Amino acid sequence: ARREMVNIPKTRNTFCKGLKCRKHTPHKVTQYKVGKPSLVAQGKRRYDRKQAGFGGQTKPIFHKKAKTTKKIVLRLECTKCKYKQQLVIKRCKHFELGGDKKSKGTAVSY
């Protein structure tokens, strides 16, 4: 089994659910990135309060990581109405956005 690189174009024509469009429009494709964790989120405040003082680690820290890949999330932004939607694609080790297309029948150069 050869490892395949997943290559997705930077624009894609797809259905826009925005109230202005409600039809197929060109979308700008980017890869979803996790934002910076907020210090004022309720869970973080609760965790910090519990951790304070003596008594060591109070909540479990996960160590038994089994997965080697993450699911790729695409963020699609409508070029007409700026409506944003997210699309999950399958797991892959190598992901590329807007790379050059693979063409059939061309001579392989080393």
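So the values come out like this:
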item: Candidate set: the range 1-20, residues that are in contact with a Cys (Cβ under 6 Å, 6 or more places away or on another chain) and surrounded by 15 or more Cβ atoms within 10 Å (Cβ to Cβ); chosen: the one farthest from residue 78 (Cα to Cα); result: 6
item: Top-ranked residue of the range 97-110 - restricted to ones that are of a type in the set (A, V, I, L, M, F, W, C) and free of Cβ contacts under 8 Å to residues at least 40 places away in the same chain, ranked as nearest to residue 7 (Cα to Cα); result: 108
item: Test for residue 67: is it of a type in the set (D, E, K, R) and closer than 18 Å to residue 33 by Cα; result: no
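Residues are listed down the side, and each one gets a yes or a no for (1) of a type in the set (S, T, N, Q); (2) surrounded by fewer than 11 Cβ atoms within 10 Å (Cβ to Cβ); (3) free of Cβ contacts under 8 Å to residues at least 40 places away in the same chain:
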{"site": "38", "(1), (2), (3)": "yes, yes, yes"}
{"site": "43", "(1), (2), (3)": "no, yes, yes"}
{"site": "52", "(1), (2), (3)": "no, yes, yes"}
{"site": "61", "(1), (2), (3)": "no, yes, yes"}
{"site": "67", "(1), (2), (3)": "no, yes, yes"}
{"site": "77", "(1), (2), (3)": "no, no, no"}
{"site": "80", "(1), (2), (3)": "no, no, no"}
{"site": "83", "(1), (2), (3)": "no, no, no"}
{"site": "95", "(1), (2), (3)": "no, no, no"}
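No value in this document is a laboratory result; all are computed from the given coordinates. Being a predicted model, the structure only gives us computed values, none of them experimental. Neighbour counts run over all protein chains shown; Cβ positions are idealised from the backbone, glycine included.
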